[in-house]
1. If you check every pair at least six apart or on different chains, which have Cβ atoms under 6 Å apart with a residue in region 739-762 that is in contact (Cβ under 8 Å) with a residue 60 or more places away in the chain and under 30 Å from PHE673 (Cβ atoms) first and a residue that is of a type outside the set (A, V, I, L, M, F, W, C) and open to solvent by 50 Å² or more (accessible area, probe 1.4 Å) second?
2. Say we look at region 532-559 and pick out the residues that are modelled with pLDDT of 90 or more and charged (D, E, K, R); which of these is farthest from ASP56 (Cα to Cα)?
3. List pairs: first residue in region 704-730 and among the hydrophobic types (A, V, I, L, M, F, W, C), second residue surrounded by fewer than 19 Cβ atoms within 10 Å (Cβ to Cβ) anywhere in the structure, Cβ distance under 6 angstrom, at least six positions apart or on different chains.
4. Of the residues in region 596-615, how many are open to solvent by 20 Å² or more (accessible area, probe 1.4 Å) and either of a type in the set (D, E, K, R) or in a loop (DSSP other than H, G, I, E, B) (or both)?
5. Quick check on my filter: what residues within region 493-506 are within 12 Å of the chain's Cα centre (by Cα) and of a type outside the set (Gly, Ala, Ser)?
6. So which of GLN48, GLN87 is buried (at least 21 other Cβ atoms within 10 Å of the Cβ), of a type in the set (S, T, N, Q) and assigned to a helix (DSSP H, G or I)?
7. Suppose we filter region 536-567 for residues that are part of a loop (DSSP other than H, G, I, E, B) and within 22 Å of the chain's Cα centre (by Cα); how many remain?
8. Return the pairs, sorted by first residue and then second, in which the second residue is among the polar types (S, T, N, Q) and in a loop (DSSP other than H, G, I, E, B), the first residue lies in region 23-39 and is within 12 Å of ALA111 (Cβ to Cβ) and open to solvent by less than 20 Å² (accessible area, probe 1.4 Å), the beta carbons are less than 7 Å apart, and the residues are 6+ apart or on different chains.
Amino acid sequence: MMGRDDITVGVGGEGGISDDGRIYPNVGGYFAMIEQEMSTVGGCRYRQTIPQGRNDRLDVNTNYGIRRAFLPQGNWRYFPLQQPTTQQMMIDIISAAPTTVLLMGTHTNFALFLMSNPHLKNNVEHIYIMGGGVRSHNPTGCCSKSSISCVPQQCEDHGNMFTAYNKDPYSEFNIFGDPFGAYQVFHSGIPITLVPLDATNTIPITDNFFKEFEQKQNTYEAKYCFQTLKIARDTWFNQFYTSYFMWDSFMTGVALSIMRNGEKPNGENDFAEMEVMNITVVTSNEPYGVHDGSNPFFDGHVRPKFNLLEGGVHSGHVLTGFDDPFCVMKGSIKGKCQDGYTKEVQGLDSVAVLVAVKAKPNRNANSPLDREFFNNFLEVLNHPAHSGRFNLTNQFPHYKEVMYKPDFRNQIRGMPIIFDMDLSPGDFIALLCILKANIDVIDLKGILVSGNGWSNPATIDVIYDVLHMMGRDDIPVGLGSITALGAPELGCEYVKVIPHGSGGGLDTDTLFGLARMLPRAPRRYTAENSIKYGAPRDTAHPELRQPLAFDVWQQVTAELGPTDKITILTNGPLINIANIILSDTKAKSIIKKIYIVGTHLVDGEGEEGNLFTVPSNKFAEFNFFLDPKAAKTVVESRLDITVIPLRAQRQVSSFGKVLRSLSAAEKTPELSFVYRLLLLMQKLQKKHQSYSHIDMFLGELLGSMFLVQQSHLNYSITEKAINVGSGHVSMDGQTILDKTNGKLVKVLDRLDSDAYYTELAKLLATKKQSALVGSFDEQKRVWNKASYKKGPDDPGFVK
């Protein structure tokens, strides 16, 4: 949008840190340094304080849905093993010329760079840091003097961690995300300017600023920022006009003011009052040198990691999580831990830092804006120089959103199906197979999305793109639970076993970089909401609200005929189905069958599961492990269940065989996309060990193929009594044969794999129910044609 495709973007990396503190090249920065080991699998000691769902991380990941609606789509995209890593990008840029660094989040990446490349430190001229709280007093969570029953919460805290102030009231999210990393940056010897909560607490959003911004949207970037601010206001549960939504922009404004005008005496600049303070970052809690199992830098090491000083400031207790009893202060709702606190200290451990302490008032007393920064913010954002070139709707001269909703009123409808998926690569191919089935055989009524599986729930947008490609914008998609059944809303109890980097979330979130090849759907995740569904107020377009999984279940079942029943195919953790069974008393009478793609049956023959990231659990399968209580709930529901376990899936998990079948078939857009995806996955598996496991995604197609083409697969099914284990990581999700206490299910034992590969290629190659828009490139050609006008005669046209 901004015409800067020349700027390098660094993402991730597969390096690690060994037990002895050796930092290997290209550590991805997915974890705080205290948690980083030799892979991209790990916990969330600090990150768990960030809520994950709607109104929280999901809205951040999608920018409330505005990103997809507004931003244009360029030619650059993520591509596996070719995307520059974060560390290599920093090495290339900083080694080339003196560099100024702005740190807007956690400090892990830059701390790793400084520790690994001390010879390049002199090329860093200045560091501007957004975060921390020194003398700050949190203005939220306070009680009015007249209130009798109100209990103060974060009021007057130095920090802003609204999810964890009862354990650590001193820290701010950015610094808390990696206290040890922040300590390395602060103590690097490089000049630092800090813009902490002390200053940002003095620039709350005001009604006057909002109205001025609403009137000044002269550039695409101004429009984008205002739309973001507006949807944030409309979905804000507390008083928005006392919120501090402008933190990051204020820090950038202070930094640019100093860089533009040069360093003035006492660090003065246009927007903030400045003061030099002696600061450190607290990384552990006193008493120091007491090994209590909370500190991986010291516990279990003969020599502390990174050669840290025994008994030094890093050797105390480190906050372990929300249930850490060490951090509880008796008789108070406030905690006593200080991890991540940017604390004023004197002595050898202090660093002189230039600190913004207060936002300056507007010099123009007649202005409706009360802060000098607000004037500059609106001026810069609306300045015509270096402004955005276009948004999505103006990128193409004949852009038009078209909803494809087929008319099935005069057609016989087949078996009603709900597809429950966790957004893994195999799930999207399975979805294409279901959509290719004749409507008189399979009638896909709705899709449920599990948010605690292989992909970020924001990947729901890719489902909308696939449905649009296939001309099925009529199918509702429901967003399900983001945590496992019975698990805390904050945390990563099970999902932490999924790699973050290559072969994990980085690739499943992007369909190995190929998701951007799909056409752009008019539907997308959005934070739009209404009072009817629990929102604080109706947003501008409540009709666009993203349905929840249970909403879609209720919609589908309400539209069933009197004798109709639903068949469910599940391709991920079973949280959505378990919640339906537990929440809807009529569910069992409406569900005809459940086909479960998942589990591994432990039968004493020694065949292991696929949970390669949990060495202590050799016999579980990912879908059941990721939510063992949900799996147990569904299996014990006494519904008609057919399990498609790993043993059956592994019979059809050959890249070579499936690619040979697809290459020999006639080409359709959907077959070509699947072929390209699987060919890329095969090449990656051969090229890098991080992809050694990805053939397991091929087995996820089997459920959909069994539903659609089972008469051609020469299969055998037996009944077996099974029991799902839960309660300890070494047994979670393990499914044993148990004739005494187990529940009877049908099990797909074997099938003709050659017939399977043939039928898969035939299904994807058939011209019937093929893609209406084959790719984003095809969509671009349509939007660029001057003569193109979509009308009622076009397939799927909806006025």
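1. From region 739-762, the pairs are LEU751/TYR715; SER753/GLN651; TYR757/LYS657.
2. By that ranking, first place goes to GLU559.
3. From region 704-730, the pairs are LEU713/ASP752; LEU713/ALA755; ILE717/LYS746; ALA721/ASP738; ALA721/LYS739; ALA721/GLY742; ALA721/LEU744; ILE722/GLY742.
4. Residues flagged as open to solvent by 20 Å² or more (accessible area, probe 1.4 Å) and either of a type in the set (D, E, K, R) or in a loop (DSSP other than H, G, I, E, B) (or both) within region 596-615 amount to 10.
5. VAL495, HIS500, LEU506
6. Numbers: GLN48 fails: buried (at least 21 other Cβ atoms within 10 Å of the Cβ).
Only one candidate passes the filter, namely GLN87.
7. So in region 536-567, the residues part of a loop (DSSP other than H, G, I, E, B) come out as 536-541, 545-547, 559-565.
From the residues that got through so far, the ones that are within 22 Å of the chain's Cα centre (by Cα) too are 545-547.
Residues in region 536-567 being part of a loop (DSSP other than H, G, I, E, B) and within 22 Å of the chain's Cα centre (by Cα): 3 in total.
8. Between residues of region 23-39 that are within 12 Å of ALA111 (Cβ to Cβ) and open to solvent by less than 20 Å² (accessible area, probe 1.4 Å) and residues that are among the polar types (S, T, N, Q) and in a loop (DSSP other than H, G, I, E, B), the close pairs are VAL27/GLN36.
The values are calculated or read from the model by the stated rules, or taken from the named source; none is laboratory data. Since the structure is predicted, the reported quantities are computational estimates derived from the model, not experimental observations. FYI the Cβ positions are ideal-geometry reconstructions off the backbone, even for glycines, and counts take in every protein chain you see. Only protein heavy atoms, including side chains, enter the accessible area calculation; ligands, DNA and RNA are left aside. Shrake-Rupley method; radii C 1.70, N 1.55, O 1.52, S 1.80 Å.
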